[in-house]
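Coordinate-derived values only; no laboratory data. Please read all numbers here as calculations on a predicted model, not as lab measurements. A quick note on method: Cβ atoms are made from the backbone with ideal geometry, for glycine too, and the neighbour counts reach across all protein chains shown.
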Ligand SMILES: Cc1cc2nc3c(=O)[nH]c(=O)nc-3n(C[C@H](O)[C@H](O)[C@H](O)COP(=O)(O)OP(=O)(O)OC[C@H]3O[C@@H](n4cnc5c(N)ncnc54)[C@H](O)[C@@H]3O)c2cc1C
């Protein structure tokens, strides 16, 4: 297993870095690097720039308009984009695309793939429900077959970005079976169908990305079923595999680390930069060492996967690694600013910032981001559940 970067990989890294430097709009970059809220239009604009050079769907095969990149190239791409100040790609493209390619009908592929890749339509993920998060198979939202359509009733929760979404890929119960996984189907639901109500969940950092979605007698055509009826669990698991690989989050980890060092250089303690303080510096170095270990762990997992390993242990470990780095870096960032980081001024997080701030913008977004990053140990599988998966895989 050769874990060092090849000449081709280094040259690809430079190509991506150069592209981001030349093409990322300055206003988006500024918001991203100061960790302020992004608007839908910011994501759409950057996505269109990537789409114009064929880079908007890194995990899709070339014949469907993707890049056909290996995992290693995708990781380099993500790291360089995020370090350069680009928004993350909306994760739904990388989740639903491969699923439709593997399980969708020709009609579904024709209708959805190109529009999804170009972000002409946006998706949300309707898996979790009140009482069905970690124990997803206990979900209760029903889809009853009536002629050529299903009638959906129930509730989804923690649905990210549903207020931007045109469509939802949802897990629904189509049968009551002894083993709950056996009665679940994977359905594509047009979010403009009558009977759907969305209610926003206000987040601790003042953002409004999360929603509850209610279904009341919602009619969904049978042709929107992906895979066979009652076999949606297999489709759902394949999608989660793509979601978890994204959660290695190398770009975010690297960006947080760079930010930490910048802020620690700009903050003074006893007449010198905080980063020159031996104790603080040692703590920063510890997280940096974890980042380096994470980079190697990603390479190792990708290399094993390219040689036939399914990543069953590697991928959950990467999620745990990314969670630890992001959360520790955000804690140290808070410590850099000390009490100055405490005031929560929501205007500082938004572009339309007309008020005068007592400190630099980078200080005012620290608290909101520190609180926000607690979410990484919950979404896509909580830390406790992920550790349970690893333990099971290694036979504990
Ligand atoms: C920011 C954010 C965005 C999200 N976006 C989406 C989305 O777009 N679509 C979607 O469908 N869902 C989304 N989710 C939901 C997410 O998938 C769930 O929150 C997650 O699966 C945990 O489920 P839960 O919240 O119901 O917690 P629970 O499953 O009720 O867990 C509660 C606590 O019990 C612990 N626990 C549960 N089971 C075990 C076990 N077997 N062993 C040890 N400990 C256990 C958990 O670790 C946790 O600490 C999002 C969540 C967040 C925070």
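Couple of notes before you dig in:
- Using alpha-carbon coordinates, inclination of helix 7-23 to the longest axis of the chain, degrees: 90 degrees
- R0 of 25 Å, Cβ-Cβ distance residue 181-residue 241: FRET efficiency to nearest 0.05: 0.95
- Normalised by 2.2 N^0.38 Å, where N is the number of residues, the alpha-carbon radius of gyration of the stretch 7-89 equals 1.07.
- Volume per residue that the Cα convex hull of the chain spans, once the total is divided by residue count, Å³: 157 Å³
- Length gained when the stretch residue 114-residue 48 is fully extended (0.36 nm per residue, less Cα-Cα span): 22.5 nm
- Degrees separating the helix 383-393 axis from the principal Cα axis of the chain, which is the longest one: 70 degrees
- Using the rule -39500 (n - 2.57) for each DSSP H run of four or more residues, divided by the residues of the chain, the 222 nm mean residue ellipticity is -14000 deg cm²/dmol.
- Whole-percent P(r), the stretch 176-288, all Cα pairs, 10 Å bins from 0: 11, 20, 25, 17, 13, 11, 3.
- Taking the DSSP beta bridges with both ends in the chain, the antiparallel portion is around 85 percent.
- Computed from the alpha carbon positions, the gyration tensor of the stretch 247-393 leads to an equivalent ellipsoid with semi-axes of 33, 18, 12 Å, biggest first.
- The stretch 84-104 versus the stretch 8-22: alpha-carbon centroid distance in Å: 21 Å
- Enclosing the Cα atoms of the stretch 254-316 in their convex hull gives a volume equal to 73 cubic angstrom per residue.
- Computed lengthening from residue 102 to residue 10, 0.36 nm per intervening residue step minus Cα-Cα distance: 30.0 nm
- Of 364, 47, 149, the sequence from fewest to most neighbouring Cβ atoms within 10 angstrom is 149, 47, 364.
- Its alpha carbons give the stretch 123-231 an Rg and a Dmax of 13.5, 45 Å.
- Compared with the alpha-carbon gap, the fully stretched path from residue 39 to residue 21 is longer by 4.4 nm at 0.36 nm per residue.
- Helix 314-337 vs. the chain, principal-axis angle (Cα, 0 to 90°, nearest 10): 40 degrees
- Remark on the stretch 41-138: hydrodynamic radius 14.6 angstrom, per the Kirkwood mean of 1/r across alpha carbon pairs.
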